[in-house]
Amino acid sequence: MNKIQRYIFLSLLTAGALILSIIEGMIPLPYIAPGAKLGLSNIVTMSIIIVFGFKDALLVVIIRCILLMLVATNPITFIYSIVSGIMSTIVMSFGYKYFKKFSLIGISVLGAMTHNASQVTVAAILFESANLYYYLPVLSFVSIFTGCFVGYTSIFVTENLNKTLLKLKREV
């Protein structure tokens, strides 16, 4: 795959992550844990970590967060999104590279927990209240389920993405 094809592919994946983020914002979830989301864009992030690597995944996360702020949210939401997106990408990349005994599902759960812990930390800083950390166990429990969903889906996406990239290599 040449450089231009790589950038085109990453641009398409960025657009896909952005669309998933927007769709996720429209999905009404039962209020088991206010603020909890499925993390659909993390499917794309996890897949990019596996197929393209950490730097490309981080770039896509940053661009997605900026575009999401411009299209659908506001600067305060951007702060939550960018911090938690970067932190979860770092943890998932580290887990994928160094924790070989972890499955992609386990790595995804770690990423989901990191995402929630980062958001609670940002909220605690913005509201100057450490009491918000009491909400973290509830979000961590929800992270198990959302992380499993993202992990299973990422396995499917990664397998198909690798097949597509192999076809591209053969055609060039």
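The values are calculated or read from the model by the stated rules, or taken from the named source; none is laboratory data. Since the structure is predicted, the reported quantities are computational estimates derived from the model, not experimental observations. Cβ placement follows ideal geometry from the backbone for every residue including glycine, while neighbour counts extend to all protein chains displayed.
With the condition being over 11 Å from the mean Cα position of the chain (by Cα) and more than 21 Å from residue 124 (Cα to Cα), I'd like the helices (runs of 4 or more DSSP H) fully within the range 16-112 carrying at least 3 qualifying residues.
On the way: elements: 41-51, 54-71, 75-98.
Where helices (runs of 4 or more DSSP H) fall fully within the range 16-112 and carry at least 3 residues being over 11 Å from the mean Cα position of the chain (by Cα) and more than 21 Å from residue 124 (Cα to Cα), they are 54-71, 75-98.
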Please work out which one of (1) at pLDDT below 95; (2) surrounded by 13 or more Cβ atoms within 10 Å (Cβ to Cβ) is the condition residue 167 fails and give its number.
(2)
Given the conditions (1) more than 19 Å from the chain's Cα centre (by Cα); (2) within 19 Å of residue 85 (Cβ to Cβ); (3) free of Cβ contacts under 8 Å to residues at least 24 places away in the same chain, and given that residue 134 satisfies all but one, which numbered condition is not satisfied?
(2)
Tell me the residue from 124, 72, 117 that is surrounded by fewer than 16 Cβ atoms within 10 Å (Cβ to Cβ), more than 21 Å from residue 50 (Cβ to Cβ) and of a type in the set (A, V, I, L, M), please.
72
